[in-house]
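The values are calculated or read from the model by the stated rules, or taken from the named source; none is laboratory data. Note that this is a predicted model, so its numbers are computed, not measured. Here the Cβ positions follow ideal geometry from the backbone for every residue, glycine too, while neighbour counts run over all protein chains shown. Ligands, DNA and RNA are stripped out before the accessible areas are found, and what is left, the full protein with its side chains, is counted by its heavy atoms. Shrake-Rupley method; radii C 1.70, N 1.55, O 1.52, S 1.80 Å.
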Amino acid sequence: MARVELRNLSKVWDSSVAVNGIDLSIADREFVAILGPSGCGKSTTLFMLAGVYMPTGGEIRFDDAVVNDVEARDRNVGIVFQSYALYPNMSVLQNIMFPLRFQKVDNPEAKARDMADLVQVGELLDRRPSQLSGGQQQRVALARALVKRPNLLLLDEPLSNLDATLRLTMRSEIRRITRELGVTTVLVTHDQLEATTMADRVICMRAGQIEQVGSAEDLYLRPETLFVASFIGSPPINLIAGEGRNGRVEAGDQRIETGQDGQLTIGIRPEMITVAETGLPGTIRVVEAMGREILYAAETNFGLIRFLEATSQPRWRDGDQVALAFQPEQTLLFGAEGKRIADHYAKLGVTTDA
Amino acid sequence: MSSSKFRQASNALLFLGPASLFLIGLLLVPIIVDLVVSFTDMNQTIKVDEFTTKQFRKLVKPSEEAWFGFELRSSFYRALMLSAIYVFFTLTIFNIGFALVLALTTTALPGRLGGLFRAIWLLPRMSPSVVYALLWLWVVDPTDRGLLNQILSITGLGPINPKLDAPIMVIVCANGFIGASMGMLILTSAIRSIPEHLFHAARADGAGGLSVIRHIVLPALRWPLSYITVFQFLALLVSFEYIFLIMGPARSTMTMSMLSYTKTLAPDTGSGQYAYGAAITLILIVIGMAVALLLWRLTNMKQLLTQPRIEVQ
């Protein structure tokens, strides 16, 4: 359907920079997710793709044609909004048919009915949006966005108003539908799970800039920056900040070998930490049963360290003494600028006064 | 009576009392007084000698040929027609039509500029009626000093006398320019309460400016528009102050409310016929009620009052 390319794209509001020169290529039929905290410029980017906002710098290209000055109505883009934005005075069928009003198509009603069947709202065509549940409204919004066979489908936090179970169903539904139609899709979300489960590629944004582009696995296991490491993953990654001297970070009688000096941050995911015979001594302070697993937090010389155990019955209680261990290759090391120092790992040192 | 019941009753009295007194004292009692007075012979002396229907006989006369056995007397018929024309054109052209145009254009303008234009339109409402009327007198002045004639003289057209040649147009415009601002305010806030995403969605769906107005804005304005229609209809039906201030007791603009005013309270116009004025007012009240109920039915306003009608996500 369409390749999309952003070149040095930026959007400046009166006093603030929302998007600060981003470059990105999206392949035809690709499903990408733009992930980031609120205010990172992800929705602004989406609305620039839609033609709702005009960029203040850079270029947007659809299949090599610059579309910066092309109005929303002429871009052939479908959008699903967080609020769904269904027209309240129209029935479901009229909502889905609305985009076809402005195109010369034969038998628009049949097309709308087909699309309604595809998103499974064929039974609800005479209802008003106010008579639909959140999930049904979501499907109608999707049908309306897709009925004109857009070059590009834009999804703005489409699942954030749904309850947890429905969100799970809609994630795979949206994936199925976009794949079936082969439409290039950009999803904007602050939910990492949504981004990583639905998209082929995830673009992580922060403060108007792209931090990292990659697969879900890249972002999780090989984050390039401290921000990506801390934004992705739940429960969040353990971050130990310290000053590296003689290739190690010390706290009291404990030390972690880093092989690097200067301002360092060591990142270790909670599920990579195990309780062992020997290791970093800690006192259990928090026990949280999360269903399949238990999240603990132990007080150590390096601060509170979170770790997970895959049991449903807690093995430790508040105040228990444990020794924490981890594999060096599962650690991440970040330098002063918050950039990851590749191929360098952290390793627990031998207790100095042992 | 138990103490909680007593408290309930006293609370009800406390909360509803002032409003009830207001309703009864300022709305219900005057209607009853009007009803009683209209069937008397009260005049300047404010004395009632007899109860009679003669006031109504000044308005209608028995007739074999007419529909209900009554025929409207010409002065009354004329007042009725003038009222209808005046209310209809002021309502449709200005209070609704122009208010809608103002609301649509000023909301389309960027924030500050739109606000400025709306503030300008509110100015006449803020100025005293007499000042506003004096301005209109200057605008339609038949001599070379009149604003309209000054503008016309630039284009080479001769002076005109609107008060003589188009009296209804003068009172429609004078009331309309001031009346449009209320509709403008209500419609502006209604337009602003439409979720912005609906506009974005419509644009992305391929809608142009006019389609957005037709499919997104107008449906959202249905309820405010019916409210303005009913409210302004009733207000216009009984309004006379600008007509009186600009036109005086002229026959050409003697609407029902003007007739009632000039026959009773207006100075130096053969006033003091209180019972006659009351009869005219009674007819105005009946017309107002009938039309309000009809519009109520037509626009299904019961629904408007039972639940909020502007849907916001």
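Search the range A:100-135 for residues being in contact with a Leu (Cβ under 6 Å, 6 or more places away or on another chain) and either open to solvent by 20 Å² or more (accessible area, probe 1.4 Å) or of a type in the set (D, E, K, R) (or both), and hand back the single one that is modelled with the highest pLDDT.
A:P108
Condition first: within 10 Å of another protein chain (Cβ to nearest Cβ), in contact with a Gly (Cβ under 6 Å, 6 or more places away or on another chain) and at pLDDT 90 or above. Can you find one or more residues in the range A:90-99 that meet it?
yes
Inspect the range A:30-48 for any residue being on the phi < 0 side of the Ramachandran plot, assigned by TED's automatic domain parsing to the domain that holds A:A141, aliphatic (A, V, I, L, M) and open to solvent by 40 Å² or more (accessible area, probe 1.4 Å) and give the result as yes or no.
Within the range A:30-48, none of the residues are on the phi < 0 side of the Ramachandran plot, assigned by TED's automatic domain parsing to the domain that holds A:A141, aliphatic (A, V, I, L, M) and open to solvent by 40 Å² or more (accessible area, probe 1.4 Å).
Go through (1) surrounded by fewer than 16 Cβ atoms within 10 Å (Cβ to Cβ); (2) touching a residue at least 12 places away in the same chain (Cβ under 8 Å) one by one and return the number of the condition A:I26 breaks.
That leaves (1) as the condition not met.
Name the single residue that is nearest to B:R203 (Cα to Cα) among those in the range A:86-99 being part of a helix (DSSP H, G or I) and open to solvent by 10 Å² or more (accessible area, probe 1.4 Å).
The extreme case among them is A:M97.
If A:L226 satisfies every condition in (1) modelled with pLDDT of 90 or more; (2) under 30 Å from A:S25 (Cα atoms); (3) open to solvent by less than 40 Å² (accessible area, probe 1.4 Å); (4) among the hydrophobic types (A, V, I, L, M, F, W, C) but one, which is the exception?
Single failed check for A:L226: (3).
Yes/no matrix, rows are residues, columns are (1) open to solvent by less than 70 Å² (accessible area, probe 1.4 Å); (2) farther than 28 Å from A:D218 by Cα; (3) free of Cβ contacts under 8 Å to residues at least 40 places away in the same chain:
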{"site": "A:G242", "(1), (2), (3)": "yes, no, no"}
{"site": "A:R245", "(1), (2), (3)": "no, yes, yes"}
{"site": "A:Q254", "(1), (2), (3)": "yes, yes, no"}
{"site": "A:E257", "(1), (2), (3)": "yes, no, no"}
{"site": "A:Q263", "(1), (2), (3)": "no, no, no"}
{"site": "A:M272", "(1), (2), (3)": "yes, no, no"}
{"site": "A:V275", "(1), (2), (3)": "yes, no, no"}
{"site": "A:T278", "(1), (2), (3)": "no, yes, no"}
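Scan the range A:90-119 for residues that are within 19 Å of A:R176 (Cβ to Cβ) and touching an Asp or Glu at 6+ places or on another chain (Cβ under 8 Å) and report the count.
2
Looking only at the range B:39-55, count how many residues are of a type in the set (K, R) and either exposed (fewer than 10 other Cβ atoms within 10 Å of the Cβ) or part of a loop (DSSP other than H, G, I, E, B) (or both).
Final tally of qualifying residues: 1.
Go through (1) in a helix (DSSP H, G or I); (2) within 9 Å of chain B (Cβ to nearest Cβ) one by one and return the number of the condition A:K111 breaks.
Only one criterion is unmet by A:K111, namely (2).
Could you list all residues from the range B:219-228 that are more than 10 Å from every other protein chain (Cβ to nearest Cβ) and either more than 10 Å from the chain's Cα centre (by Cα) or open to solvent by 30 Å² or more (accessible area, probe 1.4 Å) (or both)?
Within the range B:219-228, B:L221, B:W223, B:P224, B:L225, B:S226, B:Y227 qualify.
Residues checked against (1) basic (K, R); (2) assigned to a helix (DSSP H, G or I); (3) more than 14 Å from chain A (Cβ to nearest Cβ); (4) at positive phi:
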residue	(1), (2), (3), (4)
B:M184	no, yes, yes, no
B:R214	yes, yes, no, no
B:V217	no, yes, no, no
B:F233	no, yes, yes, no
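Taking A:S83 and the conditions (1) open to solvent by less than 30 Å² (accessible area, probe 1.4 Å); (2) more than 17 Å from B:A204 (Cβ to Cβ); (3) within 12 Å of chain B (Cβ to nearest Cβ), which numbered condition does it fall short on, given that it satisfies the others?
Condition not satisfied by A:S83: (2).
If we scan the range A:290-297, do we find a residue that is open to solvent by less than 80 Å² (accessible area, probe 1.4 Å), in contact (Cβ under 8 Å) with a residue 12 or more places away in the chain, of a type in the set (A, V, I, L, M) and within 16 Å of A:R255 (Cβ to Cβ)?
Taking the range A:290-297 and keeping what is open to solvent by less than 80 Å² (accessible area, probe 1.4 Å), we get A:291, A:293-297.
So of that shortlist, the ones also in contact (Cβ under 8 Å) with a residue 12 or more places away in the chain come out as A:291, A:293-297.
Remaining after also requiring of a type in the set (A, V, I, L, M): A:294-295, A:297.
When the remaining residues are screened for being within 16 Å of A:R255 (Cβ to Cβ), the result is none.
No - not one qualifying residue is present in the range A:290-297.
Please find, within the range B:231-253, the residue that is nearest to B:S181 (Cα to Cα) out of those that are of a type in the set (A, V, I, L, M) and surrounded by fewer than 19 Cβ atoms within 10 Å (Cβ to Cβ).
Ranking the qualifying residues of the range B:231-253, first place goes to B:A235.
May I ask you to say which residue of A:G58, A:G51 is among the small types (G, A, S), surrounded by 22 or more Cβ atoms within 10 Å (Cβ to Cβ) and either within 9 Å of chain B (Cβ to nearest Cβ) or under 30 Å from A:N8 (Cβ atoms) (or both)?
A:G51
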